[in-house]
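Peer 1: So that we are looking at the same thing, I have put the structure below in structure tokens.
The values are calculated or read from the model by the stated rules, or taken from the named source; none is laboratory data. As the structure is a prediction and not an experimental result, all values here were calculated from the model. Neighbour counts are summed over all protein chains in view; Cβ atoms, including those assigned to glycine, are modelled from backbone coordinates with ideal geometry.
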Amino acid sequence: MTELDPFLLSRLQFAANISFHIIFPTISIGLCWVLLYFRTRFTVSGDRDWEYAYYFWVKMFALTFAIGVVTGITMSFQFGTNWPGFMRQAGNIAGPLLGYEVLTAFFLEATFLGVMLFGKHRVSNRVHLLAASLVAIGTTASAFWILSLNSWMQTPAGHVVRDGVFYAQDWLAIIFNPSFPYRFSHMLVASLLTTAFLLMGVSSWRFLGRVDGPATLKVFRTGLVMAIVLAPLQVFIGDMHGLNTREHQPAKIAAIEAIWHTEKGVPFTLFALPDEQTRSNRFAIEIPYAASLVLTHHIDGEVEGLDHFAGAHPPVAPLLFAFRVMVGIGLLMIAQAWWLGWRVFVRKQTPSPLQLRLASLMTFSGWGAVLAGWYVTEIGRQPWLVYGEIKAPSAVAEHGGGMVLGTLLLWLLLYAFILWFYIATLKYMAKKPSRSLLESPQNYPGLVPAQEV
């Protein structure tokens, strides 16, 4: 009987936990700013449609936030249960950063989210606007601290190591480490993009179900404008992030592009089957010189290959495929957004049924891109937990493989149920007609309520 590997299973368990967790903050980070926008538009214009949009989406934000907080706590516990070596060595750095994140998430976000949820007819509009502002700031601050820690693990700085233990020497250097500005901005835009396609997708469900009034169109247009602007911006930020990664983690870039040997004029691999045994790419489809042009901005620029990092580079195939999934989804987002933008803003027409169906299919496309990007980030750091400082095998707990496998399977079952429940709840809420439609159906002759609320 093959012996279970607790190290591999612990990695899979943490990967499953963080994969499930990250999809919810990805929405809440972007959606909180959209809610602030809705509330501001209502305050300025007095248009009740914006207020309806605000209350409709604040419920979705609360559900997303609650699941994100709970799964985040579970993820934090795994630092102690599965990876005690990491906290034993780097706890002086990770502990305070995680602590600051908890403070902003629980004390700022959770408190004022209660006002947003239950404050209707109880507090003034100014208090609502203040609560929405503080929740947006708190949610972004929470992401700030988490991404600061993750970036420090990728590009550590501002510390000293004594007897194998990390001590803070310069907190500004730790927080604003070399990759943090790129990683933070990349994640913020990814969250806003994920939210944009969620807005368009849910609005498309409502259009196709014929259950809402003009608020749906306003929400749809909000998501569309966000997508049109942010999708190309993400390409620019991603390019800068890639150049920063090449400077500080060249092995990750070499694995992403499956560059086995250091050379000049490197082609970009559209598709290949990497073979780590022969250190070559099978069935490769390449664009000549494109990788050098993208990575060095020179057509004959030299790029370090994996031969330069023998025995200390990440696995190639997962990075190559995950990166191309991320880029592929990003290109689909640009195409979808500009096609819709041309029809809605240039031709001044409502989206066609085909466009609405495609937008509904893209509802959770941001999740796919974020997960693929997260895999590139985390797998690309291997074999290190703290890049160049702590290797992953040295930090894992000495648990039996059977116990880790059992808890992994239980987590997967629980996560599958919660994800099904979350999506089912969103669809249920999307089927409810707006109050404006129920109160004045004659104003919306093309829309028919599916059910009353």
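Peer 1: Looking at I253, is it in a helix (DSSP H, G or I), within 19 Å of M326 (Cα to Cα) and over 16 Å from the mean Cα position of the chain (by Cα)?
Peer 2: For I253, the condition - in a helix (DSSP H, G or I), within 19 Å of M326 (Cα to Cα) and over 16 Å from the mean Cα position of the chain (by Cα) - is met.
Peer 1: Give the residues of segment 424-453 that are touching a Leu at 6+ places or on another chain (Cβ under 9 Å), at pLDDT below 80, in a helix (DSSP H, G or I) and of a type outside the set (A, V, I, L, M, F, W, C), sorted by residue number.
Peer 2: Within segment 424-453, P441, N443 qualify.
Peer 1: Okay, moving on. Could you run through segment 264-275 and say how many residues are surrounded by 14 or more Cβ atoms within 10 Å (Cβ to Cβ) and out of contact with any Phe, Trp or Tyr (no Cβ under 9 Å at 6 or more places or on another chain)?
Peer 2: 2
Peer 1: Can you find even one residue in segment 111-134 that is in a helix (DSSP H, G or I), of a type in the set (G, A, S) and closer than 30 Å to I379 by Cα?
Peer 2: no
Peer 1: If we keep just the residues of segment 328-350 that are under 18 Å from G373 (Cβ atoms) and touching a residue at least 40 places away in the same chain (Cβ under 8 Å), which is farthest from the chain's Cα centre (by Cα)?
Peer 2: This residue is I334.
Peer 1: Do we have any residue at all in segment 363-379 that's closer than 22 Å to D49 by Cβ, touching a helix residue (DSSP H, G or I) at 6+ places or on another chain (Cβ under 6 Å) and at pLDDT 85 or above?
Peer 2: Checking segment 363-379: at least one residue is closer than 22 Å to D49 by Cβ, touching a helix residue (DSSP H, G or I) at 6+ places or on another chain (Cβ under 6 Å) and at pLDDT 85 or above.
Peer 1: For segment 29-83, which positions are without any contact (Cβ under 8 Å) to a residue 60 or more places away in the chain and small (G, A, S)?
Peer 2: S45, G46, A62, A66, G68, G72, S76, G80
Peer 1: Looking for whichever is under 18 Å from the mean Cα position of the chain (by Cα), modelled with pLDDT of 90 or more and aliphatic (A, V, I, L, M) here; the options are L172, L230, L224. Which one fits?
Peer 2: It is L230.
Peer 1: A further question follows. Do we find that F42 is over 27 Å from A424 (Cβ atoms), in contact with a helix residue (DSSP H, G or I) (Cβ under 9 Å, 6 or more places away or on another chain), buried (at least 18 other Cβ atoms within 10 Å of the Cβ) and at pLDDT 90 or above in this structure?
Peer 2: yes
Peer 1: Scan H248, H261 and give me the residue that is surrounded by fewer than 23 Cβ atoms within 10 Å (Cβ to Cβ), more than 21 Å from the chain's Cα centre (by Cα) and modelled with pLDDT under 90. Write out each step before concluding.
Peer 2: Values: H248 fails: modelled with pLDDT under 90.
One residue alone meets the criteria, H261.
Peer 1: Every residue in segment 297-308 that is surrounded by fewer than 17 Cβ atoms within 10 Å (Cβ to Cβ) and either hydroxyl-bearing (S, T, Y) or not in a helix (DSSP H, G or I) (or both), please.
Peer 2: Passing the criteria: H297, H298, I299, D300, G301, E302.
Peer 1: Report yes if M75 is at pLDDT 85 or above, within 23 Å of the chain's Cα centre (by Cα), surrounded by fewer than 22 Cβ atoms within 10 Å (Cβ to Cβ) and within 21 Å of I418 (Cα to Cα), otherwise no.
Peer 2: no
Peer 1: Can you name the residue in segment 1-33 that is among the small types (G, A, S) and crowded, with 20+ Cβ neighbours inside 10 Å and is also farthest from the chain's Cα centre (by Cα) among such residues? Steps first, please.
Peer 2: Going through segment 1-33, the residues among the small types (G, A, S) turn out to be 10, 15-16, 19, 28, 30.
Add one more test, that the residue is crowded, with 20+ Cβ neighbours inside 10 Å, and what stays is 10, 28, 30.
Numbers: S10: 22, S28: 10, G30: 10 Å.
Checked segment 1-33; the qualifying residue farthest from the chain's Cα centre (by Cα) is S10.
Peer 1: Now, a different point. What is the one condition in (1) in contact with a Gly (Cβ under 8 Å, 6 or more places away or on another chain); (2) buried (at least 19 other Cβ atoms within 10 Å of the Cβ); (3) more than 15 Å from N150 (Cα to Cα); (4) of a type outside the set (G, A, S) that V325 does not satisfy?
Peer 2: Exception for V325: condition (2).
Residues checked against (1) touching a residue at least 60 places away in the same chain (Cβ under 8 Å); (2) touching a helix residue (DSSP H, G or I) at 6+ places or on another chain (Cβ under 7 Å); (3) under 25 Å from T377 (Cβ atoms):
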| site | (1), (2), (3) |
| --- | --- |
| F271 | no, no, yes |
| Q277 | no, no, no |
| A291 | no, no, yes |
| E304 | no, yes, yes |
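Peer 1: Separate question: Considering only residues of segment 111-128 that are in contact with a Phe, Trp or Tyr (Cβ under 9 Å, 6 or more places away or on another chain) and surrounded by 16 or more Cβ atoms within 10 Å (Cβ to Cβ), which is farthest from L31 (Cα to Cα)?
Peer 2: H128
Peer 1: In segment 276-292, how many residues are in a helix (DSSP H, G or I) and crowded, with 18+ Cβ neighbours inside 10 Å?
Peer 2: 2
Peer 1: Can you pull out the residues in segment 379-435 that are among the acidic types (D, E) and in contact with a Gly (Cβ under 6 Å, 6 or more places away or on another chain)?
Peer 2: Matches in segment 379-435: none.
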